[in-house]
Structures are given as C-alpha cells and as structure tokens.
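Okay, so here's the structure we're looking at.
The values are calculated or read from the model by the stated rules, or taken from the named source; none is laboratory data. Source: prediction; values computed, not measured. As a convention, Cβ positions derive from the backbone with ideal geometry for all residues, glycine included, and neighbour counts pool all protein chains shown. Heads up: the accessible areas ignore ligands, DNA and RNA and are worked out on the full protein's heavy atoms, side chains in. Shrake-Rupley method; radii C 1.70, N 1.55, O 1.52, S 1.80 Å.
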Amino acid sequence: MFRNQYDTDVTTWSPAGRLFQVEYAMEAVKQGSAAIGLRSKTHVVLACVNKANSELSSHQKKIFKVDDHIGVAIAGLTADGRVLSRYMRSECINYNYTYESPLPVGRLVVQLADKAQVCTQRSWKRPYGVGLLVAGLDESGAHLYYNCPSGNYFEYQAFAIGSRSQAAKTYLERKFNNFTASSREDLIKDALIAARESLQGEKLTSSVCTIAVVGVGEPFHIL
Amino acid sequence: MDSIAESQRTLYPYVTGSSVVAIKYKDGILMASDMGGSYGSTLRYKSVERVKPIGKHSLIGASGEISDFQEIQRYLDELILTDNMWDDGNSLGPKEVHNYLTRVMYNRRNKFNPLWNSLVLGGVKNGQKYLGTVNMIGINYEDDHIATGLGNHLARPILRDEWHENLSFEEGVKLLEKCMRVLLYRDRSAVNKIQIAKMTEEGATMFPPFSLKTYWEFSAFKNPTVGAEGSW
C-alpha cells in the first residue's frame with residue numbers, strides 16, 4: 001500500500017469505496033506474530049508464536065482466558081488486544097451474573113464486532129489494531145471466530161492470522177476436512193504442526209509457541 | 001429515600017392473586033392456579049390468567065399484585081424479544097429467565113419498591129426440567145415441586161408425600177387437582193375456576209379453565225363440635 005490523499009482519517013472514503021485507515025489497521029494484524037486456531041466437534045485449540053523482544057525479556061502474552069468456555073488468541077497491537085479481552089471478560093461475567101448461564105460465543109463475537117465497527121465511524125477514534133481468534137463452546141457446539149479491526153467477523157473451521165500465517169493456512173487447508181471428527185490430541189498435534197509451518201525453519205519449542213484448549217467438560221486453559 | 005420519591009414506592013397490594021402450585025412430571029412441568037383476582041376481601045375478578053408461557057421453554061405463574069405481574073410480563077416480553085432478535089439459534093431457557101427475574105426482584109427490594117409478587121418459573125430445555133420460584137424480597141430456590149402463599153402450607157405437604165419422579169400426565173394433573181381442591185376449601189381468596197398449563201420439550205399448552213367438584217356433606221363439617229371437649 002502507498003500513501004494517498006484519502007488515508008488521513010478513518011471517516012474519509014476513497015473514490016474506490018475504501019477506508020484506508022481500516023485497511024492499515026488490518027496491516028497491523030498481518031505484521032503481528034502468528035496465531036492459529038482449529039476446531040473439532042467437541043474441542044477448539046489455539047496456538048500462537050510468541051516472539052520476545054530480546055533474550056532478556058519475557059514473552060508477549062497473546063492468549064487470554066475470557067471465561068471458562070471462551071478464550072482468545074490475538075495478533076497485532078497486543079495492548080489493544082488486552083483492552084478488548086478485558087471487555088470480553090466483563091461481558092461474560094455480567095451475563096453470567098444475570099442469567100447464571102455462560103454467554104453464547106456467537107453473541108459475544110457480535111458485541112465485539114459492533115464495538116470495533118464504532119471505531120471505524122468516528123472521526124476522533126482509530127480502529128483497534130488487533131485481530132482476535134475467539135475460541136469457545138456453547139450449547140450449539142464448538143466455535144472458532146475471527147474478529148477483524150474492520151468490525152467484520154467470520155466463523156472458521158480453522159484459521160491463521162499474523163506474519164507468515166499463509167504457510168499455516170496452506171497446511172490447514174489440506175487437513176481441515178478431518179478436523180470435525182478429530183480427537184483432542186490430534187487437534188493439538190495439527191495446531192503444533194501448523195505453528196511450525198509459520199515458523200519456517202526456526203525450531204518449535206515451548207518457549208516460542210503457546211497452546212490453549214477448550215472442550216466439552218474441559219474449561220479453557222493454557223497448556 | 002427523598003421526599004419526592006416517597007409517593008412512588010409500593011406500600012401495599014391492591015388486586016391480588018392467590019396460590020400457584022407447580023410440579024415436575026415425566027415429560028416436563030405442570031403448573032396450576034385459580035383465575036381469581038381479589039380486591040381485599042372481595043373476590044372481584046374471576047378470569048385472571050395467572051399462568052403464562054414465556055418464550056419457547058418457560059412458564060411463569062404469579063401470585064400477589066396483578067398489576068405488578070403485568071409489569072413483569074412486559075419486562076419478559078422485552079427480554080424474549082431481544083433474545084429472538086439475535087436470531088442465532090441460542091435461546092433463553094427457564095434457568096436464565098428465573099435468574100433474570102431474581103435479579104429484578106432483588107434489586108427492586110433493595111430500593112424499597114418491590115414488585116409485590118411470588119413467581120413460579122418452570123420449563124424444559126434440551127430435556128432438562130427446571131422449576132424455581134422467586135418472591136418479592138428476592139428469595140429464590142429450585143425444587144421438584146413449588147407453591148406460593150398458602151400453597152406452601154396446604155399443598156406442599158401433600159406433594160412431599162405423593163410426588164415422585166416419572167409421574168404421568170394424568171397422575172400429575174390428579175395430584176395438582178388434589179392440591180387445588182384443598183386450597184379451594186381452605187383459602188378464602190380461592191375461586192373455583194382453575195387453569196392448568198403444561199410445558200414439555202415440544203412447547204407450552206394452556207388448558208381451558210375448569211371447576212373442581214366439591215363435597216360439603218362431610219359429617220365433621222356439618223357437625224364440627226360433636227364430641228368436642230365439654231359438649232354432650
């Protein structure tokens with residue numbers, strides 16, 4: 001992308017009908033380190049590549065538990081991701097307090113998307129610079145959603161975001177037909193292999209990669 | 001409480017409904033109440049529906065102030081509408097509605113402006129039967145059989161003895177009729193026009209109102225003091 005005269009603020013359309021600020025926000029997601037998600041009928045697995053700034057610093061936290069039945073992996077501006085995770089946790093807790101029932105994943109994702117959309121239509125705001133892979137379980141089964149800075153959301157069987165995610169996506173595209181019936185262990189294995197693809201030659205160790213699982217009878221937790 | 005709001009708090013009920021009785025049975029929930037609305041000691045309104053279906057999965061029965069029950073119906077209509085507008089295959093079950101109502105009732109109680117009702121919330125969702133109650137001070141609990149008001153004292157002892165899991169529909173109705181008959185004999189605010197409602201996985205059925213047969217020829221009723229202390 002190149003600079004142009006329509007990209008100064010988010011409330012300016014380009015003649016081609018594009019909002020460049022929103023697209024630049026999606027670029028920020030593409031530059032972040034990879035996050036991968038896959039789901040079967042009963043489980044959802046999230047994997048992400050954790051890059052530390054230097055050997056002295058700790059690794060970025062990119063996977064957040066939102067509730068016992070929902071977790072997110074983020075790619076992009078992790079500060080924005082933290083803020084959105086806090087919002088999601090708040091929504092889940094409030095719903096649980098009123099209805100004593102877990103918030104259906106689909107509804108949380110729509111609320112999140114509507115929140116992101118607001119930032120694409122206010123001149124004094126900027127879009128969130130983070131893409132979220134939301135993994136969760138509810139009455140209608142296991143779900144994996146991807147929430148964009150644009151305010152769009154999609155449901156996926158498997159997806160990868162962030163830098164060098166195309167390699168992971170290629171692997172997932174080959175294998176995704178088997179995921180619905182996969183066992184928990186096979187799903188985790190596939191997540192690790194996909195993560196290794198996006199590392200492109202670097203060694204896959206537990207210091208570089210984080211895995212989290214949520215499933216039937218298994219609350220969301222980082223392994 | 002500031003003096004401007006003083007006149008806005010609920011102080012006493014005006015038109016009230018008497019007991020509601022409900023049980024879990026084999027296929028779901030059965031709930032019964034009479035159709036009376038009392039104005040103090042006058043049995044003024046005789047066709048008040050005190051049991052209503054809520055959404056796809058729940059029944060609500062109310063005793064206490066009828067206008068407050070109508071207000072609660074408005075809250076629940078809005079709740080169900082918003083739930084349906086998501087259009088996403090998820091729906092609020094009886095447990096969720098019960099908890100929502102508990103929050104509403106308790107918060108009103110905390111503001112010293114209660115909704116003067118005792119509510120019974122029952123339903124079936126995904127094969128799970130649910131039956132609970134919440135009253136005007138926010139006390140809430142679940143059980144296999146529930147009653148409000150005088151029903152707690154007259155109907156629940158019967159239910160404790162005779163209720164069991166796997167009651168058939170006919171057995172359940174007979175049991176409820178037995179409870180409602182005792183209430184009709186002994187509760188001065190009961191009227192002889194009963195409404196029974198059923199909730200199963202398939203949905204809600206409201207049965208047409210009917211009257212209970214009563215028997216007034218019991219010798220102990222006709223001659224209550226025969227054999228009393230000091231009589232001859």
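Observations
- Sparse-neighbour loop sites [GluC sites (Glu not before Pro); segment A:157-204; at most 14 other C-beta within 10 Å; DSSP]: A:E202
- Filtered chymotrypsin sites (Phe, Trp or Tyr not before Pro), segment B:177-227: DSSP coil and at most 13 other beta carbons within 10 Å: B:Y215, B:W216, B:F218
- Calculated mean residue ellipticity at 222 nm for the protein assembly as shown: -10500 deg cm²/dmol, from DSSP H runs with n ≥ 4 weighted as -39500 (n - 2.57), summed, divided by the residue count and rounded to 500.
- Summing Cβ point charges (Lys, Arg +1; Asp, Glu -1) relative to the Cα centre of segment B:15-222 gives a dipole of roughly 780 debye.
- Förster-model FRET efficiency, 45 Å R0, B:D143 and B:Y215, C-beta, rounded to 0.05: 0.90
- Shape category assigned to segment A:20-216 from the gyration tensor of Cα positions, a/c cut at 1.5: oblate
- Percent of Cα-Cα distances greater than 26 Å, calculated over segment B:15-222: 31 percent
- Reachable lysines from A:K61, criterion Cα separation under 16 angstrom, eight or more residues apart if same chain: A:K51
- Each Lys and Arg Cβ is given +1 and each Asp and Glu Cβ -1; about its Cα centre, the protein assembly as shown then shows a dipole of about 560 debye.
- Accessible area per residue, Å², the protein assembly as shown with all protein chains present, probe 1.4 Å: 51 Å²
- Integer Hz, Karplus 6.51/-1.76/1.60 couplings in order for segment A:132-141, x for Gly and Pro: 10, 9, 9, 10, x, 10, 8, 3, 8, x
- Per residue of peptide A:107-113, the mean number of Cβ atoms on other chains within 10 Å of the residue Cβ is 1.
- Label zone at A:S163 (point 7 Å along Cα-to-Cβ), backbone N below 11 Å, segment A:6-39: A:30-34
- Per residue of B:83-95, other chain Cβ atoms within 10 Å of the residue Cβ number 3 on average.
- Furthest towards positive pole of dipole, B:I66, A:N53, B:T205, structure part the protein assembly as shown, Cβ charges: A:N53
- Cross-link partners of A:K203 among aspartates and glutamates (Cα-Cα below 16 Å; sequence separation of 8 or more within a chain): A:E55
- The portion of the accessible surface of the protein assembly as shown made up by carbon and sulfur, rounded to a whole percent, is 51 (1.4 Å probe; DNA, RNA and ligands excluded).
- Sparse-neighbour loop sites [GluC sites (Glu not before Pro); segment B:134-209; at most 16 other C-beta within 10 Å; DSSP]: B:E165, B:E201, B:E202
- Full extension of the segment from B:E71 to B:M206, taken as 0.36 nm per residue of separation minus the current Cα-Cα distance, would add 46.5 nm.
- Rg(Cα)/(2.2 N^0.38 Å) for segment A:145-222, N = residue count: 1.15
- Here, the protein assembly as shown is characterised by an Rg to Rh ratio of 1.15, where Rg is the alpha-carbon radius of gyration and Rh the Kirkwood radius.
- Rounded to the nearest Hz, the phi-derived 3J(HN,Hα) couplings of segment A:207-212 under the Karplus curve 6.51 cos²θ - 1.76 cosθ + 1.60 (θ = phi - 60°) are 7, 9, 10, 10, 10, 9, where x marks glycine and proline.
- Couplings 3J(HN,Hα) for segment A:89-101, derived from phi with the Karplus relation 6.51 cos²θ - 1.76 cosθ + 1.60 (θ = phi - 60°), are 4, 4, 4, 5, 5, 5, 5, 4, 5, 7, 10, 6, 8 Hz, where x marks Gly and Pro.
- Total charge dipole magnitude, segment A:20-216, about the Cα centre, Cβ charges on Lys, Arg, Asp, Glu only, Debye to nearest 20: 420 debye
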